[in-house]
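S.K.: Shown below is the structure under consideration.
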Amino acid sequence: MTTTTQTLSGQEIVDLCRRHTLFEWSAQAAVDPIPVAHAKGIYFYTPEGKRFIDFNSQLMCVNIGHGDERVIRAINEQASSLCYANPFMATDVRARLAAKLAEITPGDIDAFFFTNGGAESNENAIRIARLYTGRHKIGARYRGYHGGTAGALTLTGDPRRWAAEPGIPGVFRIPDFYHGIQKGSDTTEEVLSRTEEVLELEGAKTIAAIIVEPVTGTNGILIPPDGYMQGLRELCDKYGILLIADEVMAGFGRTGEWFSVDHWKIKPDLITMAKGLTSAYVQLGAVGMRRQIADHFEKNVFYGGLTYNSHPLACAAALATIAVYEEDDLIENARKMGVVMRGLLEDLKARHPSVGATRNIGLFGIVELVRNAKTLEPMAPFNGSAPEMQALGKYFRQEGLYTFVRWNTFFTNPPLCINEEQLREAFAIIDKGLEITDAAVK
Ligand SMILES: Cc1ncc(COP(=O)(O)O)c(C=O)c1O
């Protein structure tokens, strides 16, 4: 279906975007964007009307699904009364959003600083941790992504960091529990004892915070072994280190809880969020902090600021989005559909020799592909690609299934409003597509 306001064809859109804009994390000659005209529920459409199942919620962010009238109405109403007030003002939507977040965030997280997205939230979280503790160092893992700005990219351990090095001072690595499909996962005891050793070697008294994605997103939907998050919390308490939970991707129902730390009943000192906070209808991020940290800034200056901090349109979008999670019971749906997804993923693993591993928690899922079922040699190397992975991506696109295909993996992260029939429809496409990668298995 083509809308009347559409003036450019899909090809014209792609050509102009490619000529006059830069696409992220890519050599521009390699990008092949899908032109998107409109979207509804779990689907989006090209100007020519080709339908895609959005099996990645765009960038793991459109959690409530596309085109929800309730959120659109809230944005429109806010735009009619007040589009912008500077961050030194107090607004109704800023007030109500912060109070609501204090209700749904874990532990005694009680005060929020609003930003434009995940990276800015993490930048501010580490600054708050440094100001509060008077210490400087921050520990982060290799298999983690925290955003594309200077500090956030230094916290990031994955290859997106490399081009930004040497990065900001004071960041060191704590051990990962997962080491790739062939080496697998450490036990909780192993990873925690190595983590404690690193803290001692770095000088625990010099460390302001540790930042982790409690469930890792782009680096592989890595669900920590039981006891890991509790153990990390205990180590932080033992050494007076703050624990920052980066819930930018895993938060807002994605894993079947409001926040992924809720699975382990962990109380972080700082929590960062974005994406699902507004389901990306308008850009917004936030850093949440415990009461005692917020109290520190009663007398001490909070050195941080952004022109678009607490932007009214974004706060209105977030309030309406949170109401949708509640009204439609989307977190419960993510939990239930996550169980269905688990069954579908296990079925793929049982029937396709190229499926080496699958993981999911709620509607946060991934498939790891291998080219040797015995050695588990990945279908594509670390930070690389392979013709079979490219062919699989091409097949998904041809069949109208959109998802991220990365290295030897692809993601299964639909909007949380998906139903069982839609989930099965998507997995039927995946099932057929895996014949391509199966053919490469030795
Ligand atoms: C865990 C995590 N943290 C931070 C970010 C950065 O968020 P943004 O792109 O909104 O700056 C992302 C983005 O993918 C993320 O997944």
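S.K.: Kindly provide the helix-only [θ] at 222 nm of the chain, computed as the sum of -39,500 (n - 2.57) over DSSP H runs of four or more divided by all residues, to the nearest 500 deg cm²/dmol? Present the calculation step by step, with values, prior to reporting the outcome.
M.R.: Details: 13 runs with 168 residues, N = 442.
The per-residue figure over the chain is -12000 deg cm²/dmol.
S.K.: What percent does the relative contact order of the chain come to when contacts are Cα pairs within less than 8 Å and at least six residues apart?
M.R.: Working: 875 pairs, mean separation 89.6, N = 442.
Once normalised by length, the contact order is 20 percent.
S.K.: When the Kirkwood radius is taken over all Cα pairs of the stretch 103-155, what Stokes-Einstein diffusion coefficient follows at 37 °C and 0.692 mPa s, in µm²/s? Mind dumping the intermediate values first?
M.R.: Numbers: Rh = 12.3 Å.
Reported coefficient: 266 µm²/s.
S.K.: Under a GNM of the chain (C-alpha, springs under 10 Å), which listed residue has the highest mean-square fluctuation: Gly338, Gly65, Gly180?
M.R.: Residue with maximal mean-square fluctuation among Gly338, Gly65, Gly180: Gly180.
S.K.: Report the rotationally averaged projected area of the chain based on its alpha-carbon convex hull, in square nanometres.
M.R.: Numbers: hull surface 84.2 nm².
Over every viewing direction, the Cα hull of the chain projects on average to 21.1 nm².
S.K.: Can you pick out the pairs among Lys183/Lys442; Lys137/Lys267; Lys265/Lys336; Lys100/Lys265; Lys137/Lys183; Lys137/Lys275 whose Cα atoms lie more than 24 Å from each other?
M.R.: On the way: Lys183/Lys442 19 Å; Lys137/Lys267 21 Å; Lys265/Lys336 20 Å; Lys100/Lys265 19 Å; Lys137/Lys183 30 Å; Lys137/Lys275 27 Å.
Beyond 24 Å between Cα atoms: Lys137/Lys183; Lys137/Lys275.
S.K.: Follow-up question, since we're still on this one. What share of all Cα pairs of the stretch 382-430, in percent, falls into each consecutive 10 Å distance bin?
M.R.: Spelled out bin by bin, the stretch 382-430 gives 24, 51, 21, 3 percent.
S.K.: Please report, in debye to the nearest 20, how large the charge dipole of the chain is about its Cα centre when each Lys and Arg carries +1 at its beta carbon and each Asp and Glu carries -1 there. Intermediate values should be presented prior to the final figure.
M.R.: Numbers: 45 positive and 53 negative charges, 138 e Å.
Taking the Cα centre of the chain as origin, the dipole is about 660 debye.
Quick note: the coordinates plus some simple rules give every number you see, no bench work behind them. Keep in mind it's a predicted model, so treat the numbers as computed, not measured. Counting neighbours? That spans all protein chains shown, and the Cβs are built from the backbone with ideal geometry, glycine included.
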